[in-house]
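Q: Would you mind keeping the following structure in view while I ask a few things?
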Amino acid sequence: MFEDEISPYAIQLCTKLGEAYQRLMEQQRANQGGGMELEEDSETSMNAAGLITAIRRILKSISGMYPQLYPELEVILEQPLILTLTDPLATSVDEGLSCLSELLYNQQTVSNRMWNFYILICESLLNDKGILDEDLCVVSVPLINFINKDPATFRTTQFDYNGQKTTCLDIFCQVVGKCLQL
């Protein structure tokens, strides 16, 4: 509704929200290790989830209208999204995946930075890390965006995975096989 008003501030808003999210997640880990009471830890978790939700809403509000912002947003949101998709204490995995989907969908191609998320998602699913397993429906959206936005890279580019050269297509087939076993 307010995309024209938000767009000039999207970079700054996402920067501040991402930094606050990282600080809250660090605090949550410290509370967990220090025996903090559950009520305080739940409050930190809810605040952190609210920050990722706010980031997703900003990305959604500018979706499709300001393609020049997305390369910078990738850089700004890389660490908060990695944290969201890898930290077992993160409660906003679905929101993080939605943010990733927005970043992918609104660009013409997939950057190397974003291909790292592809590997992160696949490794998490294949190695039973338990973080993304409950969000398989939401995980499929960014995976489809990877395939649609850069099919040539998806089919042919090789990278090291578990000490072997493989393509994104090969690892995708492994992920699908693993999902069918569940």
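Q: Being basic (Lys, Arg) and part of a helix (DSSP H, G or I) is the filter; apply it to the range 129-182 and report the residue that is nearest to Arg56 (Cα to Cα).
A: In this case the residue turns out to be Lys149.
Q: Then there's this: Would you pick out the residues in the range 150-165 that are closer than 20 Å to Val110 by Cβ and surrounded by fewer than 17 Cβ atoms within 10 Å (Cβ to Cβ)?
A: Scanning the range 150-165 gives Pro151, Ala152, Arg155, Thr156, Thr157, Gln158, Phe159, Asp160, Lys165.
Q: Contact list please: Cβ distance under 8 Å, first residue in the range 144-164 and without any contact (Cβ under 8 Å) to a residue 60 or more places away in the chain, second residue in a helix (DSSP H, G or I) and charged (D, E, K, R), pairs at least six apart or on different chains.
A: Partner pairs satisfying both residue conditions: Tyr161/Glu123.
Q: Additional query: In the range 125-169, which residue that is at pLDDT below 85 and touching a Ser or Thr at 6+ places or on another chain (Cβ under 9 Å) is nearest to Asn112 (Cα to Cα)?
A: Among those residues, the one meeting the criterion is Phe159.
Q: Considering only the range 49-80, state which residues are more than 15 Å from the chain's Cα centre (by Cα) and polar (S, T, N, Q).
A: Passing the criteria: Ser61, Ser63, Gln68.
Q: Related question: Among all residue pairs at least 6 apart or on different chains, which show Cβ distances below 8 Å where the first residue, located in the range 109-127, is surrounded by 16 or more Cβ atoms within 10 Å (Cβ to Cβ) and the second is assigned to a loop (DSSP other than H, G, I, E, B) and among the basic types (Lys, Arg)?
A: From residues that are surrounded by 16 or more Cβ atoms within 10 Å (Cβ to Cβ), the pairs are Glu123/Lys129.
The values are calculated or read from the model by the stated rules, or taken from the named source; none is laboratory data. Just so we're clear, the structure is a prediction, and the values are computed from it rather than from any experiment. Cβ atoms come from the backbone with ideal geometry, glycine included; neighbour counts cover every protein chain shown.
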